[in-house]
1. So which of 60, 33 is in a loop (DSSP other than H, G, I, E, B) and at pLDDT 95 or above?
2. Looking at segment 40-53, which of the residues that are part of a loop (DSSP other than H, G, I, E, B) and surrounded by 11 or more Cβ atoms within 10 Å (Cβ to Cβ) is nearest to the chain's Cα centre (by Cα)?
3. Is it true that residue 17 is more than 21 Å from residue 77 (Cβ to Cβ) and in contact with a helix residue (DSSP H, G or I) (Cβ under 7 Å, 6 or more places away or on another chain)?
4. Could you name every one of the helices (runs of 4 or more DSSP H) located completely within segment 63-142 that has at least 1 residues being under 20 Å from residue 21 (Cβ atoms)?
5. Count, please, the residues in segment 55-67 that happen to be farther than 19 Å from residue 29 by Cα and touching a residue at least 24 places away in the same chain (Cβ under 8 Å).
6. Give segment 114-131 a look and list any residue that's on the phi > 0 side of the Ramachandran plot and surrounded by fewer than 24 Cβ atoms within 10 Å (Cβ to Cβ), or say none.
């Protein structure tokens, strides 16, 4: 665990170590070679070597499968804009950098509609589904926090009071939800697969990372 924490601090410095640790614990169980194949039923593959892992994802690509790989379970639909390939997705640092890029982008968008921990929970939902609310409904956010020994409060939709003139830029363009968590039927069609990653149309054309994602272990009681 100490080695992972040091790696996370180096490779994903814009995400608090407690947050990236909770995500990776849930997504891959700290297995950098883990592969999650989406579908009904989904399945998990745990290669014994990096070369075996590369060969597995190449086979999945050839079949046109949807799958997630590595520490942060990066979905193959997002590999192009993240600069991910079969050869580098299993590199721990490269994978954590990609996970950071997605999460920071999600957090920046979520911060426009929520404050504090509520923004972080919405960002976790976005990381899982590309949507700020579906990941709450399908249980993903609760599972991530449960792994850290926490419970997630109800998510409210209070507008952020942050000044638009001082807000840092996003890590990547905002999701097609226009950075506003949906209401009403947004909860009616959750994506149940905990391995599912952001939809490809939710993230296009990256920008430099500017905002840091906080810890899931602080200020958890003020969200109502």
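The values are calculated or read from the model by the stated rules, or taken from the named source; none is laboratory data. Predicted, not measured: the structure shown is a model, and the values here were computed from it. With ideal geometry, Cβ positions are generated from the backbone for all residues, glycine too; neighbour counts draw on all protein chains shown.
1. Working: 60 fails: in a loop (DSSP other than H, G, I, E, B).
Testing whether each residue is in a loop (DSSP other than H, G, I, E, B) and at pLDDT 95 or above leaves just 33.
2. So the first thing to find is which residues in segment 40-53 are part of a loop (DSSP other than H, G, I, E, B), and the list is 40-42, 46-49.
Subsequent filtering for residues that are surrounded by 11 or more Cβ atoms within 10 Å (Cβ to Cβ) retains 42, 46-47.
Numbers: 42: 19, 46: 20, 47: 22 Å.
Looking at the filtered set, the residue picked out is 42.
3. Numbers: more than 21 Å from residue 77 (Cβ to Cβ): yes; in contact with a helix residue (DSSP H, G or I) (Cβ under 7 Å, 6 or more places away or on another chain): yes.
In short, yes.
4. Values: elements: 79-82, 92-110, 116-129, 134-137.
In segment 63-142, 92-110, 116-129, 134-137 are the helices (runs of 4 or more DSSP H) which contain 1 or more residues that are under 20 Å from residue 21 (Cβ atoms).
5. Qualifying residue count for the region: 5.
6. Residue satisfying the conditions is 116 alone.
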